[in-house]
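Reviewing the structure listed below.
Readers should treat all values here as calculations from the given coordinates under stated rules, not as data from a laboratory. All values reported here derive from a predicted model rather than from experimental measurement. Neighbour counts are summed over all protein chains in view; Cβ atoms, including those assigned to glycine, are modelled from backbone coordinates with ideal geometry.
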Amino acid sequence: MTPLDAAAIEMKNITKTFGTTVANDKVCLDVRRGEILSLLGENGSGKTTLMNMLSGIYFPDDGEIFVDGEAVVIRSPADAYRLGIGMIHQHFKLVDVLTAAENVVLGMEGRGKLNRRAITARIQEICDRYGFVVDPAQKVYDMSVSQKQTLEIVKVLYRGADILILDEPTAVLTPQETEKLFSVIKNMRNDGKAVIIITHKLHEVMEVSDRVAVLRKGVYVGTVETKDTSPKELTEMMMGRAVTLNIDRPEPKNPRTRLEVRHLSVRSRENVLVLDDVNFEARTGEILGIAGISGCGQKELLEAIAGLQVTEKGSSILYYGDDGTPEELVGKKPLDISRMGVALSFVPEDRLGMGLVGSMDLADNMMLKTYRTSGRLFADRRPSARLAKKVVEELEVATPDISTPVRRLSGGNVQKILVGREISADPTVLMSAYAVRGLDINTSYTIYHLLNEQKEKGVAVIYVGEELDVLLELCDRILVLCSGKVNAIVDARTATREEVGFLMTYLQTEKKGGAET
């Protein structure tokens, strides 16, 4: 049996290229038994690529991988599982119509009928050992995000993994769910598992990890003991320079109502009420945060304001112009809203599906916002090209040139292009859904600064975020959604993580629609 503190994994001089792009350049990394290792780095630094080679999704161009001191070749996820390596991806790989137990054993070798009793007993054994809660008979489509994530972890443990890789595991979890996940991860570490966490959240790195490894532009920078470092030092390792980790929050100047949302209700395609009698105001010169667990109506709320969702009878979204005259937005399409003179910018959650066209280059994606209003028979690409170059320079977008198709960029760089385009449109209302999801620390703080610049220009900013610490530090007020209802609107300067986290998960039924503060 391999002793604790022994190297479970050693990666030596691992190199991986995609065309002319070097994703990993002679990276050396080790992970020990009985430890939690955090893997940090900017967007495009090669973190996920490195772990994809360890889990069998990619094959290295050069270098060696050792498991428990023996050289191995990992050509597929099946090879990785045979070596005890399992990866829990940010986007879950579950079949919605199957039960938890069926998902756990799906694709495993074996013949004949499933022994459901034995499978259930083994799942329960894993749950009891590490502190999971899983109903083997529950369908995946009835599960919350945290339940799906728990199932993914149970799935890899069931298959014998004792080296686990978690990619952005807390991206859509509440503070309470994150705390519960960390407790489980620590239990696995104490049981001798080796756990690797890819994350951008420095406070979580400091809380849960034993060591931190840092990559920068595909190159291994170093590994430090968590107890001997700080968020500032880790950021400097990632960036190669000093970075200030403070979010400014200027006081709103002469705020007045820009949007007034009253009795807003929206149904899904399945006829489920996803927004139920929502009421609030968005004011000029302030940032209104929207908090809620994934799927609580955040997406539908922003899309309804943008004219992309059909609303229920009785819904009202009033836009107040500079002269104070209200105009109804309900029932109008995005082009109608634009022709009314409403300068509304929207950074949607779905970057490529809704925000950008993956097959088009950076310049043409910039032009999507303005080509209808150019008045020309043929579009003039020169202004769009200039804007694309400006966004690439100011947001440090990693791209060969502005003629590169957007789909070839990393997720973080796609997000930079989208945010840059929307802010450049000089909006009076700026709505953003998860603007910094997948972005590195430096770029995230750049986005926060840009949002504050819009706020100081008198823009009404609506910011849907997943990190409560950021919401509490950046926003002026926070609207908390729970089960499609406004559970409360709190002052971000005085509210706590625990208070907002509780409001995200427990509906105060005596409050219908929420009250303004």
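Values computed for the structure shown
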| item | result |
| --- | --- |
| Whole-number percent relative contact order across the stretch 17-170, with pairs defined as alpha carbons under 8 Å at least 6 apart | 25 |
| Built amide H within the under 5 Å cut-off of Tyr220, gap 5+ | Asp25, Cys28 |
| Full-extension gain in nm, Tyr141 to Ser230, via 0.36 nm per residue minus C-alpha separation | 28.0 nm |
| Normalised contact order of the stretch 1-93, rounded percent, pairs of Cα under 8 Å and 6 or more residues apart | 30 |
| Highest average packing first - 209-217, 22-30, Cβ atoms within 10 Å | 209-217, 22-30 |
| Cα-derived Rg to Rh of the chain, Kirkwood definition | 0.98 |
| Inter-part distance where the stretch 325-355 and the stretch 24-86 are each reduced to a Cα centre, Å | 44 |
| Largest-first ellipsoid semi-axes for the stretch 43-135, taking √(5λ) over the Cα gyration tensor eigenvalues, angstrom | 29, 16, 14 |
| Projected label distance in nm at Thr404 and Ala242, using a 7 Å step from Cα toward the beta-carbon | 3.1 |
| Alpha carbon convex hull of the stretch 7-239, projected area averaged over orientations, nm² | 12.9 |
| Highest-first arrangement of 403-411, 320-328, where packing means the average Cβ count within 10 Å | 403-411, 320-328 |
| Nonlocal amide H pairs with Ser410, under 5 Å, H built at 1.01 Å | none |
| Estimated [θ] at 222 nm from DSSP helical runs (n ≥ 4, -39500 (n - 2.57)) normalised by residues in the chain, nearest 500 | -9000 deg cm²/dmol |
| Mean Cβ neighbour count within 10 Å, used as a protection proxy, ranking 228-237, 142-151, 454-463, 282-291 highest first | 282-291, 454-463, 142-151, 228-237 |
| Rough spin-label spacing in nm, given labels placed 7 Å along Cα→Cβ, for Val272 and Asn190 | 3.6 |
| The stretch 22-37 - phi-based ³J(HN,Hα) in whole Hz, Karplus 6.51/-1.76/1.60, Gly and Pro as x | 8, 7, 9, 10, 6, 7, 10, 8, 10, 10, 9, 5, x, 9, 10, 10 |
| Amide hydrogen neighbours beyond the local backbone of Asn487, cut-off 5 Å, H modeled | Val480, Leu481, Cys482 |
| Total charge dipole magnitude, the chain, about the Cα centre, Cβ charges on Lys, Arg, Asp, Glu only, Debye to nearest 20 | 1200 |
| Label-to-label distance, nm, for residues given as Ala6 and Lys390 (7 Å Cα→Cβ offset) | 6.0 |
